[in-house]
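These notes are about the structure you will find just below.
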Amino acid sequence: MIVHLSERIVSWQVKKNILTEDDMALYQYGYEVLINQVINILLAILIAIVLHAPMTVSCFLLCYIPLRSFCGGYHAKTHERCTVVSVILTWLACGMTHVMEIHNLIFLVAIAVVVSGIAVFTLAPVPDQNKPLDKDETVRYRKSGRLIWIVEAAICIAFIFILGEVAFAIASTHLIFSFMLFLGSVKNRNK
């Protein structure tokens, strides 16, 4: 569905002389990624509405997307699988936050910070066949990913005492992200 829609958009743009035929494959892939991201975000918003968890879903998206962009991780083989994985991860983040017990918050945040820090500093960036990285890109992405993680971890720690739900949402996101980073590394080793 997404591939077909992106093909139609690009074909229309070629007919209107907005794009050239030489660029069709590149723009088609770009539209596939864009459409998939829009679908995933709309589904995340739907999950936030259904589960009455706008804060958790917002924290999840605001933390997960930048980390994912610079650190990589597991990539599904199709856009449909990607959407299913995204829905599961968003739902999981909401579920983890709903079962949180406030008296364990400091312990849980500490574990999330340690686990995610180890994952980001030892594994990231995790490339994919659709997003291979050369040496310079690897260095840039590693630095950016680590900086993003440091900022998010600091915000998470600061929010322990201000707004525990936000701290736990960030911590949950970091644990989920660490798992996806690990899965991406395993997938790459098995190729």
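The values are calculated or read from the model by the stated rules, or taken from the named source; none is laboratory data. Keep in mind that what you see is a predicted model, and the values were worked out from it rather than measured. Please note: Cβ atoms are built from the backbone with ideal geometry, for glycine as well, and neighbour counts cover all protein chains shown.
For the stretch 114-153, residues that are polar (S, T, N, Q) and more than 19 Å from I170 (Cβ to Cβ) total 4. It is to be established whether one or more residues within the stretch 2-15 are farther than 30 Å from I150 by Cα and in contact with a His (Cβ under 6 Å, 6 or more places away or on another chain). Checked against the condition, which is being farther than 30 Å from I150 by Cα and in contact with a His (Cβ under 6 Å, 6 or more places away or on another chain), the stretch 2-15 yields at least one hit. The residue pairs whose first member lies in the stretch 18-44 and is loosely packed, with under 15 Cβ neighbours inside 10 Å, whose second member is modelled with pLDDT under 90, and whose beta carbons are closer than 6 Å, counting only pairs six or more residues apart or on different chains, are E21/V14. State yes or no: is A119 farther than 20 Å from L181 by Cα and crowded, with 16+ Cβ neighbours inside 10 Å? So A119 does not fit the description; no.
In the stretch 141-165, of all residues being in contact with a helix residue (DSSP H, G or I) (Cβ under 7 Å, 6 or more places away or on another chain), surrounded by fewer than 21 Cβ atoms within 10 Å (Cβ to Cβ) and not small (G, A, S), the one that is nearest to T122 (Cα to Cα) corresponds to R146.
Among the residues of the stretch 70-80, the ones that are surrounded by fewer than 16 Cβ atoms within 10 Å (Cβ to Cβ) and hydrophobic (A, V, I, L, M, F, W, C) come to 1 in all. So M96 clears everything in (1) assigned by TED's automatic domain parsing to the domain that holds S178; (2) free of Cβ contacts under 8 Å to residues at least 60 places away in the same chain except one condition, right? Which one? Tallying (1) assigned by TED's automatic domain parsing to the domain that holds S178; (2) free of Cβ contacts under 8 Å to residues at least 60 places away in the same chain, M96 fails exactly one: (2).
For the stretch 81-92, the criterion of being charged (D, E, K, R), part of a helix (DSSP H, G or I) and either touching a residue at least 60 places away in the same chain (Cβ under 8 Å) or surrounded by 15 or more Cβ atoms within 10 Å (Cβ to Cβ) (or both) is met by no residue. Before we move on, is W12 assigned by TED's automatic domain parsing to the domain that holds I170, modelled with pLDDT of 85 or more and out of contact with any Pro (no Cβ under 8 Å at 6 or more places or on another chain)? Judged against the criteria, W12 is not a match. For H75, the conditions (1) in a helix (DSSP H, G or I); (2) within 18 Å of K187 (Cβ to Cβ); (3) in contact (Cβ under 8 Å) with a residue 24 or more places away in the chain all hold with the exception of (1).
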